[in-house]
Every structure is written in C-alpha cells, then in structure tokens.
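Working notes for the structure below.
What follows draws every value from the coordinates through simple rules; no lab data is involved. What you are looking at is a predicted structure, and each value in this text was computed from that prediction instead of being measured. Note that we place each Cβ from the backbone using ideal geometry, even for glycine, and neighbour counts take in every protein chain shown.
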Amino acid sequence: MPTPDLIVTNARILTMDRACPRAEAIALAGGQILALGRTPEILALAGPATRVIDAQGRSLLPGFFEGHVHLGLGGAELSHLHLDTLHGTAAVSAAFRAFGARHPERPLLMAQGADYGMLDAPITRHALDAMIADRPIAMMSHDHHTVWANTAALEATGLMRGAPTPHGHEVVLDETGLATGELREFEAFGPIIAMIGEARINLGIATGEEPARPPTPEERATDKAMLLAGMMHCAKHGVTSLVNMDGNRYTLELLSEMQAEGQLPLRVKVPFHFKPHMGLEALERATAMTRDFDSDWLSSGFVKMFMDGVIDSRTAYMLNDYVDAPGHRSEPLFAPETFKAIATEIDRRGLQIAVHAIGDGAVRTTIDGIEAAQEANGPRDARHRIEHIELIDRSDIPRLGALGLTASLQPPHPPGAMEFPLEPTLSRIGRARWPDAYLWKTLKAEGGAKIAYSSDWPVTDVSVLRGIHAGVTRAPFEGCTDERLNLMETLYAYTAGGAWAAHRDHVTGTLRAGMAADLVMLGGNIETCAPEAIPDLGIALTVCGGRILWEADTAPTAP
C-alpha cells in the first residue's frame, strides 16, 4: 500500500456511500482515496512525509458537485459591480457612481444582480440616464435573462432603434420605435457584453457557436484567466467538480490547454449548446466534443438546450395565461414536434439531454420530447435531466420517475429563499399555482425523480453552504406544503446526487477507497449546527485530486 500524502483525523466524515456512510479518518495518496476508518488505524499508514490534519470534530464530505454553473460568466463577473444587497434608485445610483469613479478606463460600467423591481420606478434607459448619462452603463438581471442599458450604451452598440434577433430574444422598443432600455435574452444584449470584451467567453450560452476567427494567444490567455478565476472562486466554497451549463468546443479547448499547463484545478463537464437556429447535423459537433474530451478531469457527453426563459420577464412558457397578463403564455423556443426529433437524435447518439425548463408548459414539452426519444430508441441509462422546473402541472410529476429523469434544482432560486425577492415572481405565477411551484420533496417522493442541487452561479451565489441553508430553512408560501428535503438529503443532492446526474459517479461524489481524492472539510459540525448558522460555518479545506486548493486562513492555492 502506498504511503499517504495527506491524512485527516478526528473528523465527522459523511461519505455519501450508503454501504459505509460514516468514518473518522481518511488517507489520500496519488490523487485517490487510499483508506477510510478510525483515527488510530488510518494514522498507522502515515509515513515521514505524510501531512496530518486534525479535523477536531468538523464535518468532512465529498467535494461539492456543482451541477449547474456558468463558469465563464461567473469568472468574468467577479470584476463587475454587484447590486445584490441594494434596493432603491438612490442606492443603485450611488453604487454606479462610486464604481465609475474607481474605473474611469472602462468602456461600459456593468452591474450584476439587479432585480426587476429594484428601482423606485420601472427600469428604463431614462431611469439609468438619471444615474449616469455621459458614459455607457448597464445592469444584468439576477436571472441573467434581461439587461437594462442607458441611452449612451444603446447608442454605442447600435441598439437604439432595435436589432434583428432570433425568436425569443428581443430589443424592446417603445411606441416611437426607440429602445426602452430593456434587452431580453442573450442575443439581444450580446452587443453590450461585447463592449466589455466578454463576447468570446459568452458564446457558449449566447449562440453555441465558435469564435468567428481564431482568438490570438493574448485573447486565449484573457479567457483562460476568467475561467481560472471562476474555478478558484468555486474552490473557495468547497466545490471540486462542476457542470458548466453552457459551452462550445472553444471552452473545452481552453480548459484542455489549462490542463496541459497544470492550471485546471477542478473537474469540469461542458455541453454542446444546441440552439433553435441549428439543424440536426449540428449534433455531429456534440459527438465530436464527446469523443475528443473524455477524461476524469474534462468531459462533455451532453447537449444543453433552452426551452423557455424566466417567470419575471414573462418569457417562461406556461400552460395557462399569466394572471397579470391575460392572453399571454409565452412560447417554447422549440416547437414540440421539432424538439421530439432533436431529443430523439441526441438520445440515439448516446448523449445526455439537459433542458432549461421553468414554466409548466416548457416542462411538459421537455418531458414529451424525452418520452418520444425513449419510445424511439429504447430505454438506457441516459440520466436525461431538466434544469430548474420552477412550475409543473401535477399530472406531469409521476412522468419524471417513469422516464428516469433527474430534477436539477436550485435551492437559492425560490423567491424569498435567498436574494430573489418575492415579487414580481409570486404575482406572475398566481396564488392558485403557488402549490405547484418550486417542488423539491414532491418531485423526489411522489415523482420518483433523482435530485441534483446547484446554484446556477452567477445567477445566485455559488456558496454551497448558503445553498444548503436556503434548502433546509425555506419557508413554504402561504397555503403551500413544506417542500424542503432534510439535511442529509440536501447534502447528498450537493455531492453524490450531482455526480450521478452528470455520469461522474464512478469518479467522485462519494468517499470510498479508489475514488478521486476530492473532499471538503467544513469549519464545524454541520449536523449539530443550528440551521440558521450554516452559512457561517465556512470552508476549512478543499481538496481536489489530492491537491489542496483552499485552506482557511491561507491564500487560495492555484495549481
């Protein structure tokens, strides 16, 4: 038996391995887990060069598996203005002015974390002009589906009189034919993103296409720096694996270069993003990405699609009219029969399907398409997944388990659980449908769905501890049942559940001999910690592949 590189003793180890759920000490060697057991027997394996850490009763788990993030966006946005804790025109205006004073060189002041009711009046270009009119400014909604820009930004990007956009994307115009300042969905606000040099890193989510020309070495270095910043930020929060829910071949090439340079700290899975303008032949690119990138550190193997938008902008596709907009239900981004053909071809190729579906109409269209694929191709261990499921018709709930679908859910997303305000979401859903919204326990217990939890960072904070807190303390909406999973179910969904949903459970997600040496040690015992204090536990140690990436009270250790 090799000599351990690292041993952690006196820990409260939650292995997420149902065959052996608990241990007290763990030994790591050569990037893998060597052994688990009681402290004396594991300490007996130590050699002169073995580092030993006394956990002093703190919780130790598999490294958190972040099943839905947008890595490039998150890394880029670390340097933007963040408005998450602010409310009211005066506070937002002051933040923009202070940020502008600190960054006179920036061609556009970009803010993140805006909510749809953040200002004292409707958000328009005129409202933003009143804050700063002499230089371009813009702010991204917390859900990342809307940008509001001032007049200077609209004029600089040529959007003042609108722009041609694909179905579901819109430069909103007023009755005079001029832009209101509201830009809905990625291909409407793409020119705004381009102003700050982040167009390439956004291609994976915006268009699914590759850069129009080969990026220069300097441009590739810039984009890799954003990805590295994002990964190290995740590592600080105990994340060791993630599914980047947007992507293209360029993203994989950058990450592969980083791996060759010894600069890939986390395990990353990247999809091919299939967009409505593409034909079935585009799926050959997904097959090629899956073939060419297939290691324990970097892989593809799935296709991501958007079926609709979000509730707050009324772009989520509903089965019934929005209660505050009679006659409006939005539309699916893929017609039902078209989606069935696409899903069938993806499944025929042996690839996994992951679909953003928020409204109950989008969820049903997605289930129908995956059901058609299974009928055409036969059942297999596909682990197809639906992202978000914020509203679902009760008749569709048992279909999830029947089809073996994963419900990929985000504990920070329900209004009031974390940063997202109650309004306008609850009014848009309508009181009568509150009992069908943000169902976690029901999808698992009644629907038979597998559950994977995540943050959707940078839509919400990537902090898993905050996500756990949101999951176990969420208050039911008035008149609704308690949809919380318990603490152990929640931890499982952030570790083994995420790994299973991503077909990575043979590599990580549980702590047992032979698995990857991916673990997180918390700052205390999460089982005895008051639920309200979970976010304050902190991350004491993050280890991925046996390499320490984060250790409390020390600087993060880049690879």
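Relative to the longest principal axis of the Cα atoms of the chain, the long axis of helix 249-260 lies at roughly 30 degrees.
If you take the square roots of the eigenvalues of the alpha-carbon gyration tensor of the stretch 423-477 and sort them as a ≥ b ≥ c, do you get rounded (a/c under 1.5), prolate (a/b over b/c) or oblate? Since a/c reaches 1.5 but b/c is at least a/b, the shape of the stretch 423-477 is classed as oblate. Suppose R0 equals 22 Å; then what is the FRET efficiency for Ala376 and His506 from their Cβ-Cβ distance, rounded to the nearest 0.05? After rounding to 0.05, the efficiency reads 0.20. The fewest-to-most ranking of Phe420, Phe64 by surrounding Cβ atoms within 10 Å reads Phe420, Phe64. Highest mean packing first, where packing is the average number of other Cβ atoms within 10 Å per residue, the peptides 334-343, 408-417 line up as 408-417, 334-343. For the chain, the longest principal axis of the alpha carbon atoms and the long axis of helix 217-236 meet at an angle near 60°. Annotation: peptides 103-109, 5-11, ranked by per-residue average of other Cβ atoms within 10 Å with the highest first, follow the order 5-11, 103-109.
Note on Asp296/Gln263: beta-carbon distance plugged into 1/(1 + (r/R0)^6) with R0 of 22 Å gives a FRET efficiency of 0.85. Within the set [x] 75, 57, 43; [y] 79, 56, 49; [z] 78, 62, 46, the number that Cα extents along the principal axes in Å takes when calculated for this structure is listed as [y].
The simple spin-label model puts a point 7 Å past each Cα toward its Cβ; for Thr528 and Val323 those points are separated by 4.6 nm. Modelled spin labels at Ala475 and Arg349, positioned 7 Å past Cα toward Cβ, are 4.7 nm from each other.
Multiplying the residue separation of Arg135 and Arg394 by 0.36 nm and subtracting their alpha-carbon distance yields 88.3 nm.
Computed 3J(HN,Hα) for the stretch 337-345, one whole-Hz value per residue from the Karplus formula 6.51 cos²θ - 1.76 cosθ + 1.60 where θ = phi - 60°, is 5, 5, 5, 4, 5, 5, 4, 5, 6, glycine and proline marked x. Taking the fewest neighbouring Cβ atoms within 10 Å as the starting point, the ordered list for Ser395, Ser300, Ser454 is Ser395, Ser300, Ser454. Placing pseudo-labels 7 Å out from each Cα toward the beta carbon at Gln32 and Arg51 gives an inter-label distance of 2.2 nm. Peptides 45-58, 273-286 ranked from most to least packed give 273-286, 45-58, packing being the mean of other C-beta atoms within 10 angstrom over each peptide's residues. If you take every DSSP beta bridge whose two residues both sit in the stretch 73-206, what share of them, in percent to the nearest 5, is antiparallel? Approximately 60 percent, going by the DSSP bridge assignments. Of the DSSP beta bridges with both residues in the stretch 217-501, give the percent that are antiparallel, rounding to the nearest 5. That works out to approximately 10 percent antiparallel.
Here the chain carries DSSP beta bridges of which approximately 45% are antiparallel, counting only pairs with both residues inside.
Say the cut-off is 31 Å between C-alpha atoms; which of Lys224/Lys450; Lys236/Lys269; Lys224/Lys444 go over it? Correct reply: Lys224/Lys450; Lys224/Lys444. Where only DSSP H runs of four or more residues are counted, the chain gives -8500 deg cm²/dmol as its mean residue ellipticity at 222 nm, each run worth -39500 (n - 2.57).
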